[in-house]
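Undergrad: I am attaching a structure below and will ask some questions about it afterwards.
Just so you know, all these numbers are worked out from the coordinates, no wet-lab data involved. Since this is a predicted model, take the numbers as computed values, not measurements. Cβ sites come from the backbone with ideal geometry, for glycine too, and all protein chains shown count toward neighbours.
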Amino acid sequence: MSAAGGQPPISARSTPGAVAFAIDLDDLAARLALANPEDTCKGMFFNGLFRAVVRQGGTPASDTLRHVGRGQKFVDFFNYPIADFLPMAWHAAAVAGGGSDSTALERGIRSLGRQATDDFLSTAVGKTLLMLAGSDPRRLMASLASGYKTAVSYGVRALEWKGRMVSEASAGGPHGNSQTRCLFTMRRDFMPHPYHEGVLLQVLTTVGARGVQVKGTRVGLLDTDYEVSWEAKP
């Protein structure tokens, strides 16, 4: 699907090894077809969708989203099927992104990822994650896969550091080593890559990382590689 002006949405950019796609209802249906009852996420993420649409459309938008969710109410730390979350997320993304075309949905889904990060980091688990990371983006990335396990029941995530280790002491900083580039892989994750681009951008910014860059490359329907980098501290 092409965006306005005949240009493809960012999601469909040509990258070696990437799978071209558009975020649309067909993509949603394909993801739903692979979801099992055991694939769940926390209620806090459902509730975050309501906060996102209220910011854009007020109470009427919230009421419509409630209808999409069949009137169900969600408890933050209870588990609910991802198959219930996905249609609500697509609707909320259209509201947050200002439209239902692929470009607007991508923009909206990325913003929902940032919302989900704020929701998670406000919990006891999220606060512990931040406390352990301090202001060290590398330490945060190293613990991120375990953080995901507390929030969703599905998927496998792994971290691979890129580039050489750089001594901060050689630049006049404290003793120790620092790397500022990594590959964060996600396999069998039901959310489109702009969602997790938003997650990674938000969580790294929260610990004070500067110049954060995140690029997700979809390599399968539910599989994405994320190239993540940030500026080294002076």
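Undergrad: Go over the candidates 39, 84, 101 one by one and state the one that is charged (D, E, K, R), crowded, with 16+ Cβ neighbours inside 10 Å and under 18 Å from residue 149 (Cα atoms). Walk me through it before giving the result.
TA: Numbers: 84 fails: under 18 Å from residue 149 (Cα atoms); 101 fails: under 18 Å from residue 149 (Cα atoms).
The match here is 39.
Undergrad: Next question. Can you tell me which of 156, 95, 125 is more than 30 Å from residue 33 (Cα to Cα) and touching a helix residue (DSSP H, G or I) at 6+ places or on another chain (Cβ under 9 Å)? Give the steps one after another, and end with the answer.
TA: Working: 156 fails: more than 30 Å from residue 33 (Cα to Cα); 95 fails: more than 30 Å from residue 33 (Cα to Cα).
The unique qualifying residue is 125.
Undergrad: Could you tell me how many of the residues in the stretch 207-221 are in contact (Cβ under 8 Å) with a residue 24 or more places away in the chain, closer than 22 Å to residue 234 by Cβ and surrounded by fewer than 15 Cβ atoms within 10 Å (Cβ to Cβ)?
TA: So the answer is 1.
Undergrad: For residue 210, work out the one condition from (1) in contact with a Ser or Thr (Cβ under 9 Å, 6 or more places away or on another chain); (2) within 23 Å of residue 134 (Cβ to Cβ); (3) of a type outside the set (Asp, Glu); (4) not in a helix (DSSP H, G or I) it doesn't fulfil.
TA: Here residue 210 meets the rest and fails (1).
Undergrad: Examine the stretch 100-111 for a residue that is in a loop (DSSP other than H, G, I, E, B) and in contact (Cβ under 8 Å) with a residue 12 or more places away in the chain, and state whether such a residue exists. Show your work before the answer.
TA: Of all residues in the stretch 100-111, those in a loop (DSSP other than H, G, I, E, B) come to 100-101.
Subset that is in contact (Cβ under 8 Å) with a residue 12 or more places away in the chain: 101.
The answer is yes; a qualifying residue exists.
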